[in-house]
Amino acid sequence: MQNAWIEASPRQRRRRSWFGEVVSLIGWNWFVLRRRASMTVILTLFFGIAALIVIGLFLLGSGLLAYPGSLNILSQYTVKLGAFLFPVLAAILVGSEYSQGMQRQILSRGLSRAQVLIAQLISLFLLLLVLVVIMFLLALLIGFAVPMLKQMQWAVPSSYHWELLPVFLLGCVLDLFLYMTMAVFFATLARTPVGGVAFVLVYEMLELALWGTLQAFLAMGVIQEDAARWIQNIGPWLPGNVANRVAALTSDLLPGNFEQATSLAVTGLPISLLTLLGYCVILIIAAYLLYSRRDILE
């Protein structure tokens, strides 16, 4: 079944504004993602594993499900597993336009590459935001419901804690959006969904292994002093390390961890969030530069 946007003629679309075209493309992107079996598989894995974790902790009688423990557990779960699952969705959306010839069809109907890329990024960001908010609300529901069922104690969030929760949510979303923009860049580079996913996963594992090895060498004193100083200054600002730091600092904003937040998150979180945002912008610009130089027949 063809989408109404694809069926529209160039003359009909000229009546729309530039942003109106982007909005129509966002609807088309969501339509494409909904029809992908991989979307169903990924969402089933994401929410299914979370359900198993919650059920297991509930049956064990663990007090970790009481608020804010539920939010802490499920947010860490979302960030850690989402960093591997959500880039797959980004790579599928971008890479499939090359492998299935959709790029040629879209661009030949008078749309600019900037419109196509912006629509893809907004579609992915909105999808990510929806998934994170759903998990966030489920964590709150579980955190309040389980203590009532088991007659356990739980922390009542103050008004100040409620004000900090949007910052916590923003940190989770930006953390995961970094990996999605990586997938967009690598899928544009490789021109296939598989290539985009493979590059992101290899980069994540390579950075983790390389940084862990360098840390071990630093601890053993194998690396020379000048090189060690350089690594200690540069290493923490690698994309994956910044994302991990944002996840740790935003978790300090939760009730129960807030004593650490006054000294750590308040000072370190803004610069970490800005750095994360900067990496996203760099990857988006790089993806656009690649995309803008692609031949329409590729």
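The values are calculated or read from the model by the stated rules, or taken from the named source; none is laboratory data. In this text the structure is predicted, and so the values were computed from the model without any measurement. Positions of Cβ are generated from backbone atoms using ideal geometry, with glycine treated the same way; all protein chains shown enter the neighbour counts.
One line per residue, one yes/no per condition, for (1) touching a helix residue (DSSP H, G or I) at 6+ places or on another chain (Cβ under 7 Å); (2) surrounded by 13 or more Cβ atoms within 10 Å (Cβ to Cβ); (3) polar (S, T, N, Q); (4) at pLDDT 85 or above:
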position	(1), (2), (3), (4)
Phe86	yes, yes, no, yes
Ser96	yes, yes, yes, no
Gly101	no, no, no, no
Leu121	yes, yes, no, yes
Phe144	no, yes, no, no
Val156	no, no, no, no
Ser159	no, no, yes, no
Leu169	yes, yes, no, yes
Cys172	yes, yes, no, yes
(Q) Only one of Leu64, Leu149, Leu45, Leu126 is in contact with a helix residue (DSSP H, G or I) (Cβ under 9 Å, 6 or more places away or on another chain), surrounded by fewer than 19 Cβ atoms within 10 Å (Cβ to Cβ), within 29 Å of Asn241 (Cβ to Cβ) and modelled with pLDDT under 85. Can you tell me which? (A) Leu64
Q: Give me the pairs, please: first residue somewhere in the range 84-101 and more than 15 Å from Ser123 (Cα to Cα), second residue anywhere and in a helix (DSSP H, G or I) and at pLDDT 90 or above, beta-carbon distance under 9 Å, and either six or more positions apart or on two chains.
A: Phe84/Tyr179; Leu85/Ile42; Leu85/Leu43; Leu85/Leu45; Leu85/Phe46
Q | helices (runs of 4 or more DSSP H) wholly inside the range 24-116 that include at least 1 residues being closer than 23 Å to Ala190 by Cβ and within 18 Å of the chain's Cα centre (by Cα) | A | 37-59, 69-99
Q) Which one of these is closer than 24 Å to Pro87 by Cβ and either modelled with pLDDT under 85 or out of contact with any Pro (no Cβ under 7 Å at 6 or more places or on another chain) (or both): Gly268, Gly212, Gly221, Gly256? A) Gly212
